[in-house]
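Notes follow once the structure below has been shown.
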Amino acid sequence: MLELRLVQGSLLKKLLEAIKDLVTDANFDCSATGFSLQAMDSSHVALVSLLLRSEAFEHYRCDRNISMGLNLSNMAKVLRCSGPDDIITLKADDGGDSLTFMFESPNQDKIADFEMKLMDIDSEHLGIPDTEYQAIVRMPSAEFARICKDLSGIGDTIAISVTKEGVKFSTRGDIGSANIVCRQNTSVDKPEDATIIEMEEPVTLTFALRYINSFTKATPLSNQVTLSLSSDLPVVVEYKIAEMGYIRFYLAPKIDEEELENMATSEARPNVETRPKAGPKPKSETETKPKKEAKPETEVIPVEEANSPEEVKPKEEAQTVVEVMDAE
Amino acid sequence: MVLLLLRSCYAQCHTILFSPHFKSLSRTSKPFSLSLVHFSPKRIPNMSSKPSAFDRLMSGARAVAAAKKNKPPPPPSPKKRKTPDSTTPQNPNPAPSPNDVPEPPAPGTKQQELNSSSEVKKSKLVEDNGGIKKRPSSSSSSASERLAELKCKIPLLKKKAAEFDSKKVACWGEGERVPFIFLCLAFDLISNETGRIVITDIVCNALRTVMNTTPDDLLAIVYLLANRIGPAHEGLELGIGDASIIKALAEACGRTEVQIKKQYKELGDLGLVAKASRSSQSMMRKPDPLTVAKVFDTFRLIAKESGQNSQEKKKNHIKGLLVAATDCEPQYLIRLLQTKLRIGLAEQTLLAALGQAAVYAEKHSKPPSDIQSPLEEAAKIVKQVYSVLPVYDKIVPALLSDGVWNLRKTCTFTLGVPVGPMLAKPTKGVSEILSKFQNTVYTCEYKYDGERAQIHYMENGMVEIYSRNAERNTAKFPDVVAAIPRLKKDCVKSFVLDCELVAYDRDRKKILPFQTLITRARKNVVMSEIKVDVCIYAFDMLYLNGKPLIQEELKVRREHLYESFEEEPGYFQFATAITSNDIEEIQTFLEAAVNASCEGLIVKTLDRDATYEPSKRSLNWLKLKKDYMDTIGDSVDLVPIAAFHGRGKRTGVYGAFLLACYDGDKEEFQSICKIGTGFSEAMLEERSASLRSKVIPKPKPYFRYSDTLNPDVWFEPTEVWEVKAADLTISPVHRAAVGIADADKGISLRFPRLLRVREDKAPEQATSSEQELQAHEIFFCLEETSILLSVLENSSLFSENLCFIVAIFGLFSFMLKGRARNTVVVYIGM
């Protein structure tokens, strides 16, 4: 039996709007700690992880852990039927094959029930370890969205580079190039307008702008966005939802054009000889070292861990993941 | 906890060991040769496989996986509705939980790492020696190891079938899904062979391997080998064009469509482009390796997507497959999607291989003792059964359950499943027929110029119409469907009719040309909107009242046919036929056929060797077409003015040329047809080379062509080619004689083929469009064009040597750019 009553129903609506274009189908997982989702886009380049803690709900009843597969665009359609101030209650029976959405208007004069069929979705749950990032940028989310939108008019990649001076967003396209630098700025009236840069090492990473732009659909959820970067690691774009939870987007970086060029020249035409070698990723083991190198040490983990106990759940699943990873 | 310990130390070791190389490694795909990977990671960029950024993030998890390697794999279908509570049996918590204390490095993991790699080396060695080391196959063996293993084993498929042991090749466990890479490697092997026997062996051995491990996947693999997604009559099509594939490819590897298209032009094969596409986008996690079943299921999903955004959904499915594809998988994935496998695997070979594989895998019964060579017999059985019931979904399960020797009984002609129509061999003249059919009774029928159709009438009154290619055409001919119940006699409960649907003018009682028939709408035809009526010309009967007739002689079948239907002029007629062996009579009959707007004659044996042989071009049916007759149709001299880049086999040369004729009056070259046949490889090479120097950046102002053609390059008009064609048609695309034949349509050639290059002629001496018009019979409907005031008479006769003489007296008067012109065309050609 599952019954979740969310007074601030619009939150769920905004969450769905933020992820429905990135992911088409996904499993929502409910456990004692909260209501969460983790999914990758079809090209496995981006990963979204969201969490609404149980405290976020006025009433939270989840007798046993349950995973519900839903088509996100259909779910968004259903949620769009709710009013802006409606209270949303999610209900599901154990072993049932549907999820019920109940929308109550604030003064209780209208109650709507929507039932959605659940679907079987194959999804792998990744255990996401916490990492110490080389640079963390916190800035107003609207500002970030604006920057991404502006840049997408010029090019289709975005280079984010964090230095002592500030954070630079740049792109290059057929019509020219663009650079936007944001400096650290803590002397503001409202804390949400602040731009804070914590940097241990300068970092520059390039991403497909298309994805970043789609992440900024989460802007209405939070005034601030946090970008966490380490070289060669996926960037984390996080929108904190007050005290209730978060939505995090992970995006794998692009590979430098130059490096690609080098690869191209060193390789000549694909010919039969080279093919056999061009295997799948060899030894997954080899890949692993980078990360160690990137992160100072394991000590850091507990720190981060403290504020996200919900993480436990995904980890349990990580076991399945493990095999898959290895299978590469 | 132990696991956790391992993980962290593992991490440590690697930092020390490999950090200098990590960058190159992580970004390029890694070299595959196992023994080297760990110790000399050099950069051998892989196309198509992607670096996975998340893997790095995930290293912890992987370490646990490594530690867990010896554990049994999880149950085959870890299922949905997962309840991640503590009831799960194995629950190692790979990611650090809040209470975790940083673990001290333990120097054990590295050891293990090395062990595992050396183990791989060992196993490889063993296999090289032909040993039978069987790996504990399971999902826990890493994909790259498995690939390595599979790669060195795959040549074993080439072994003679009798010496082959499927256990040596399979690197997956019994009941485990067959990896897609296995199929791709087999494709690769096949594409490097040309001999049919070797190819049959490879396919047979591959199928046996699947039968012995995962028979459930046999159907999928057979379909993929046949490059189909379902039986033809179900009409299931992938419905994706190059554009969708290019888009998916661009998105899957983070490149732009422009880059892909450029490379497509260079390589000429999207499959190779896919293979060569280095990804500029790293991935969060490499998806699971593809399985044959997964690929096939996704293909079916793609085919079934319809309606709004279906192209987008299809693209996403493709993308999902592409990102998971490694090694040579993308290449074959794309070719399968394009339904252009092009590895030289004919369906007949596949059927033979399937039959042979079934013999080896036979568990049910021994071959009947009277069979000399069971392999050949089995191949024959499967081929024959497939021709009667071309549905793998029925044949493959029947093979697996009841065996090949019972196949003829388990899979029989089924109402509602079209069989391939029996085809006729072309002949050049009446004398040839006489010599081929000595001492046999044969019959001659008109060969109507329409659409071949197989009409199935079910017991419940349902009617289905199938085309020559077994496509369901029922919706295209609602008028035929409506007429059928009226035309059959009452005693007929069910039947299958082989017939030709021909456009027919019921007022003038005349057969209309094929060109008129194809103007009918193709989809969702509404009875009231039908402008072109059709008449059914029935000539064969394959099934009647629950009994298949295909094993009966034509004489019997025809009697059944005549007894079962009522002729109704303009709606249903039996094909006009005579039974004779007199050469004069047949010639007169042929003449009559041509005069009755037929293509010629079909000559069939009547009571000996006269069974219906589905989808066979049998010697028992011969066709005599006016097109084939030696003297018909002068060749014409035309000028290549443009070309299209070749694809596939013709990469690097031009694939097709646009030919034009010269209009002396207007001093312009008018496009008349595209040509791609009649070239030997050497000739194509030669022509491409010589024309390459004549490429001009844009078409000359005096070229007349349709904007829809879009050739890749244009030429200076320099060469003259002698081309032979079967017929002339009115074409909305081509511009030859435009305005004369039709207000805004030109004429075009049917089935043009190159004879030779006319070195002795200048482009201006090429056949003129007026000559084109004259040189052949013309049957366009002048009354349809409003600008033309014309009188056209058209008659045709036959001379003794079957030379076809066409005489046209025409008067064309028309206006062109304010210039009035009168032309009188009088022509008598031999």
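Filtering region A:82-123 to residues that are of a type in the set (Gly, Ala, Ser) and closer than 19 Å to A:Arg61 by Cα leaves A:Ala92, A:Gly95, A:Gly96, A:Ser98. Assigned to a helix (DSSP H, G or I), at pLDDT below 90 and touching a Leu at 6+ places or on another chain (Cβ under 7 Å): is that true of B:Ile221 in this structure? No, not satisfied. Is it the case that B:Tyr466 is open to solvent by less than 20 Å² (accessible area, probe 1.4 Å), in the same structural domain as B:Val502 (by the TED database), more than 17 Å from B:Leu542 (Cβ to Cβ) and hydroxyl-bearing (Ser, Thr, Tyr)? So B:Tyr466 fails the test. Filtered by the rule that a residue be over 29 Å from the mean Cα position of the chain (by Cα), assigned to a strand (DSSP E or B) and among the hydrophobic types (A, V, I, L, M, F, W, C), region B:475-506 gives a lone residue, B:Phe495.
Listed here are the residues, each with its yes/no results for (1) in contact (Cβ under 8 Å) with a residue 40 or more places away in the chain; (2) more than 30 Å from B:Leu728 (Cβ to Cβ).
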{"site": "B:Leu487", "(1), (2)": "yes, yes"}
{"site": "B:Asp505", "(1), (2)": "no, no"}
{"site": "B:Lys510", "(1), (2)": "yes, no"}
{"site": "B:Ile518", "(1), (2)": "no, no"}
{"site": "B:Arg522", "(1), (2)": "yes, no"}
{"site": "B:Phe539", "(1), (2)": "yes, no"}
{"site": "B:Gly546", "(1), (2)": "yes, yes"}
{"site": "B:Glu552", "(1), (2)": "yes, yes"}
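Scanning for something assigned by the TED database to the domain that holds B:Gly746 and in a strand (DSSP E or B), does region B:677-693 turn up at least one residue? No, the conditions are met nowhere in region B:677-693. Residues that are basic (Lys, Arg) and not assigned by the TED database to the domain that holds A:Phe103 were ranked within region A:115-153; the one that is nearest to A:Ser228 (Cα to Cα) is A:Arg138.
Note on region B:409-420: residues that are closer than 12 Å to B:Arg452 by Cβ and either among the aromatic types (Phe, Trp, Tyr) or open to solvent by 10 Å² or more (accessible area, probe 1.4 Å) (or both) total 1.
Just one of the numbered conditions (1) touching a Lys or Arg at 6+ places or on another chain (Cβ under 7 Å); (2) crowded, with 21+ Cβ neighbours inside 10 Å; (3) in a strand (DSSP E or B) is not true of A:Leu99: (1). Just a yes or no: is a residue in region B:393-408 open to solvent by 50 Å² or more (accessible area, probe 1.4 Å) and not in a helix (DSSP H, G or I)? For region B:393-408, residues open to solvent by 50 Å² or more (accessible area, probe 1.4 Å) and not in a helix (DSSP H, G or I): absent. The single condition among (1) surrounded by 19 or more Cβ atoms within 10 Å (Cβ to Cβ); (2) within 14 Å of chain B (Cβ to nearest Cβ); (3) aliphatic (A, V, I, L, M) that A:Met75 does not satisfy is (2). If you filter region B:486-535 down to residues that are aliphatic (A, V, I, L, M) and in contact with a Ser or Thr (Cβ under 8 Å, 6 or more places away or on another chain), you find that the one that is most open to solvent (accessible area, probe 1.4 Å) is B:Leu512.
Selection of strands (runs of 3 or more DSSP E) fully inside region A:154-227 by the criterion of at least 3 residues being farther than 19 Å from A:Tyr239 by Cα and in contact with a strand residue (DSSP E or B) (Cβ under 9 Å, 6 or more places away or on another chain) returns A:157-162, A:167-173, A:176-182, A:203-208. For region A:198-241, a residue qualifies if it is open to solvent by 30 Å² or more (accessible area, probe 1.4 Å) and of a type in the set (A, V, I, L, M, F, W, C), and exactly one does: A:Met199. In this structure, does B:Ala361 turn out to be in contact with a Leu (Cβ under 9 Å, 6 or more places away or on another chain) and either surrounded by fewer than 24 Cβ atoms within 10 Å (Cβ to Cβ) or on the phi > 0 side of the Ramachandran plot (or both)? Yes, satisfied.
Flag: A:Asp109 matches the condition of being more than 14 Å from chain B (Cβ to nearest Cβ), charged (D, E, K, R), assigned to a loop (DSSP other than H, G, I, E, B) and surrounded by fewer than 13 Cβ atoms within 10 Å (Cβ to Cβ).
Residues in region B:141-195 that are under 20 Å from B:Arg335 (Cβ atoms) and touching a Gly at 6+ places or on another chain (Cβ under 8 Å): B:Leu147, B:Ile190, B:Ser191, B:Glu193, B:Thr194.
Taking every residue in region B:567-591 that is free of Cβ contacts under 8 Å to residues at least 40 places away in the same chain and pairing it with any residue that is surrounded by fewer than 16 Cβ atoms within 10 Å (Cβ to Cβ), at least 6 positions away or on another chain, the pairs with Cβ-Cβ distances below 6 Å are B:Gln573/B:Glu567.
The values are calculated or read from the model by the stated rules, or taken from the named source; none is laboratory data. On a predicted model such as this, the values are computed, not experimentally measured, just so you know. Here Cβ is always computed from backbone atoms with ideal geometry, including for glycine, and neighbour counts include all displayed protein chains. Remember, those area values only see protein heavy atoms, side chains included, never the ligands or the DNA or RNA. Shrake-Rupley method; radii C 1.70, N 1.55, O 1.52, S 1.80 Å.
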